[in-house]
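Input: a single structure, listed below in structure tokens.
The values are calculated or read from the model by the stated rules, or taken from the named source; none is laboratory data. Values in this document were obtained by computation on a predicted structure and should not be read as measured data. Cβ sites come from the backbone with ideal geometry, for glycine too, and all protein chains shown count toward neighbours. The accessibility values were calculated without ligands, DNA or RNA, using every heavy atom of the protein model including side chains. Shrake-Rupley method; radii C 1.70, N 1.55, O 1.52, S 1.80 Å.
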Amino acid sequence: MSFSRPSIIRPPSEWKSYFLPLTAGCSNNTCVFCGYYGSQLQIREVDDVKSEIDSLASFIRTGIRLPAIPKAVYAVAQGWEGKRIFLQDGDALVYPFPKLRQVLQYLNEKLRHVERIGTYATPRDILRRSIDELHELRRLKLGILYTGLETGDDELLQKIGKGVSSDELIEAGRKAKEAGITLSVTVILGLAGGDESRRHALETARVLTEIDPDYAGALTLTLVPGTPLYEQWERDEFHPLSPFQSLEELRLIIDNSGFTNCFFSSMHASNYLPVRGNLPQDRERMLRELEVVLAAGDPSLLRPEFLRGL
Ligand code: SF4
């Protein structure tokens, strides 16, 4: 089967990157809320990846577009500032280690000006790599891993099909940090619905504290048609939180996590209220911002539903 280039799904902070696909889909395609649910993982041939790197390097040098190269390559390359590369897709760290090393070596050789390479990684992908392998990837400029924790609650982790326990989340997060790779994690407000909301928030705060990542972002659950969670909602088996209940979860997480130095934000388009700051320094200010909105209970202070994005 020939490799199909995936559409660009990226962390907000990677907007200046060149998007280089190594895989399509996600190796852990069992998360019941996620658009990758049931996706078929495809692994791209190394030669194909290298040929794209060659075309990119030649385009940067000469501006020449080769007819055999997909238009998408030049569309992304045109606005690229040349410093960052984001490896696609849902978890490119699953790419077999010898191949990943070859690709990073080739990138380092052909695009010397690149400063940082980033990718999504599942906790399982990180655990699968030895610490020496992670160090080697770091040396080859793999500078940031984006990992979805979603929750720290073991029961909920099992329910959503994440495929790892909270202990494994912690082990994976600490391992990435030990290798010197910047770690950015996300958690999902509202993932437990109304039933176990408080436990989800408190357990998530516990796991965030144990990992102590460099960046932590809160997203708010958006039900995606075609996913099992969406179907549960249609059958009235899943009861989503109200926007204000999701803000209460956010407040609990900020109030109960003990970071040493973490940039925490709810700036993602899925959220009803953006707050951000460095924790622990900005904790009181961030909590105050949330408490003012929670006390007012005025929906006009929140991002309207039609402006929320995935
Ligand atoms: S591991 Fe991440 S990308 Fe893969 S299915 Fe789960 S949430 Fe989606």
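A few remarks follow.
- Residue that is out of contact with any Gly (no Cβ under 6 Å at 6 or more places or on another chain), in a helix (DSSP H, G or I) and buried (at least 17 other Cβ atoms within 10 Å of the Cβ), where the choices are Ala192, Ala201: Ala201
- Residue within segment 89-97 that is surrounded by fewer than 17 Cβ atoms within 10 Å (Cβ to Cβ) and either farther than 25 Å from Gly161 by Cβ or out of contact with any strand residue (DSSP E or B) (no Cβ under 6 Å at 6 or more places or on another chain) (or both) present: yes
- Taken over segment 1-19, the criterion of being β-branched (Val, Ile, Thr) and away from the ligand (no atom under 13 Å from the Cβ) is satisfied by Ile8 alone.
- Comparison of Tyr36, Tyr74 shows that the only residue that is more than 25 Å from Leu310 (Cβ to Cβ) and surrounded by 15 or more Cβ atoms within 10 Å (Cβ to Cβ) is Tyr74.
- Comparison of Leu22, Leu41 shows that the only residue that is in contact with a strand residue (DSSP E or B) (Cβ under 8 Å, 6 or more places away or on another chain) and within 14 Å of the ligand (Cβ to nearest atom) is Leu41.
- Test: residue in segment 125-139 that is within 16 Å of the ligand (Cβ to nearest atom), out of contact with any strand residue (DSSP E or B) (no Cβ under 8 Å at 6 or more places or on another chain) and not charged (D, E, K, R): yes
Here is a yes/no grid of residues against (1) at pLDDT 90 or above; (2) assigned to a loop (DSSP other than H, G, I, E, B); (3) within 28 Å of Gly173 (Cα to Cα); (4) among the acidic types (Asp, Glu):
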residue	(1), (2), (3), (4)
Phe33	yes, yes, yes, no
Asp54	yes, no, no, yes
Ser58	yes, no, no, no
Ala72	no, no, no, no
Gly90	yes, yes, yes, no
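- Out of Gly152, Gly180, sole residue that is more than 13 Å from the ligand (Cβ to nearest atom), open to solvent by less than 10 Å² (accessible area, probe 1.4 Å) and either assigned to a loop (DSSP other than H, G, I, E, B) or small (Gly, Ala, Ser) (or both): Gly152
- Remark: pairs (first residue in segment 14-29, acidic (Asp, Glu); second residue within 14 Å of the ligand (Cβ to nearest atom) and not in a loop (DSSP other than H, G, I, E, B); Cβ separation under 9 Å; 6+ apart in sequence or on different chains) = Glu14/Tyr146.
- Selection within segment 138-147 - surrounded by fewer than 23 Cβ atoms within 10 Å (Cβ to Cβ) and either hydrophobic (A, V, I, L, M, F, W, C) or without any contact (Cβ under 8 Å) to a residue 60 or more places away in the chain (or both): Arg138, Arg139, Leu140, Lys141, Gly143, Ile144
- Screening Ala68 against (1) more than 16 Å from the ligand (Cβ to nearest atom); (2) of a type in the set (Gly, Ala, Ser); (3) closer than 30 Å to Thr220 by Cβ; (4) without any contact (Cβ under 8 Å) to a residue 40 or more places away in the chain leaves a single unmet condition, (3).
- Residue match in segment 291-300 (condition: modelled with pLDDT of 95 or more, among the charged types (D, E, K, R) and farther than 27 Å from Lys162 by Cα): yes
- All of Glu52, Glu81 fail the test of being among the acidic types (Asp, Glu), more than 16 Å from the ligand (Cβ to nearest atom) and surrounded by fewer than 16 Cβ atoms within 10 Å (Cβ to Cβ), apart from Glu81.
- Looking across segment 190-208, the residues that are touching a His at 6+ places or on another chain (Cβ under 8 Å) and either hydroxyl-bearing (Ser, Thr, Tyr) or modelled with pLDDT of 95 or more (or both) come down to Leu191, Ala192, Gly193.
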